[in-house]
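See structure below.
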């Protein structure tokens with residue numbers, strides 16, 4: 001076997017007689033053309049991890065506006081041993097319940113807990129990106145911009161992990177919109193430059209169209225009438241792609257700012 005990992009080492013590892021370094025483990029996966037993501041899916045028996053399962057439940061319950069189901073889920077998490085994970089999961093559930101009931105149930109203390117946690121993380125992954133993505137609307141604009149800059153410091157890593165890269169693009173687009181709404185045009189342009197370097201035309205089709213719409217929004221907000229046409233063209237593409245949800249959401253946004 002190549003890359004300093006012999007067949008005998010692999011056999012001893014399989015029998016539990018020896019351990020291998022992370023570097024050798026990753027080299028072995030690379031040798032057999034298995035990504036770390038694929039390995040983790042197999043390792044978990046083709047099941048999502050608990051956090052992904054929670055996000056799936058939250059998505060379903062939010063779409064169906066099932067407040068009772070969200071409260072049941074909150075009580076389930078409440079019964080778990082105290083931990084940072086438990087606290088964050090409760091806050092995520094409350095964010096969904098707030099949206100369903102049109103009432104903010106998240107306290108400033110909750111938000112400080114989350115932002116302190118995120119600022120303290122050196123290496124962001126799917127977990128941290130999902131937390132920020134789900135709570136971004138509740139976080140103070142200046143703090144959100146600072147967290148967004150933290151995310152973008154690790155662009156090279158994200159580009160190699162497709163799922164994470166897409167989350168970074170979506171998150172950055174949402175922060176860019178917040179900046180435009182606050183008339184922080186210089187900050188919006190900062191995120192625009194980074195998003196442009198992240199979007200892959202071939203694999204990020206929907207992200208590209210959304211990004212184009214938001215670029216038009218930035219131009220329009222800055223007094224460039226050409227921005228309106230860019231937004232309209234993006235809406236037409238959503239219609240052609242038959243993505244009813246995105247078309248409806250951005251059409252409502254377009255009408256709210258153009259009149």
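Every read-out reported here was derived from the displayed coordinates using simple, explicitly stated rules and does not represent laboratory data. On a predicted model such as this, the values are computed, not experimentally measured, just so you know. Here the Cβ is made from the backbone with ideal geometry for all residues, glycine too, and neighbour counts use every protein chain on show.
Listed values, structure above:
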| read-out | value |
| --- | --- |
| R0 of 22 Å, Cβ-Cβ distance residue 53-residue 87: FRET efficiency to nearest 0.05 | 0.75 |
| Förster radius 41 Å - calculated FRET efficiency between residue 75 and residue 186, Cβ distance, rounded to 0.05 | 0.35 |
| Cα-projected label distance for residue 228 with residue 140, points at 7 Å along beta-carbon direction, nm | 3.7 nm |
| Cα gyration tensor, the stretch 139-224 - rounded (a/c under 1.5), prolate or oblate | oblate |
| Separation of alpha-carbon centers, the stretch 231-256 and the stretch 82-97, rounded to whole Å | 33 Å |
| Förster-model FRET efficiency, 45 Å R0, residue 244 and residue 122, C-beta, rounded to 0.05 | 0.65 |
| Nitroxide proxy distance, nm - points 7 Å out along Cα→Cβ at residue 98 and residue 163 | 2.6 nm |
| Translational diffusion coefficient (Stokes-Einstein; Kirkwood radius from C-alpha pairs) of the stretch 90-152 at 10 °C, 1.306 mPa s, in µm²/s | 132 µm²/s |
| Rough spin-label spacing in nm, given labels placed 7 Å along Cα→Cβ, for residue 205 and residue 27 | 4.0 nm |
| Interatomic Cα distance distribution for the stretch 49-106, bins of 5 angstrom, percent | 4, 21, 33, 27, 12, 4 |
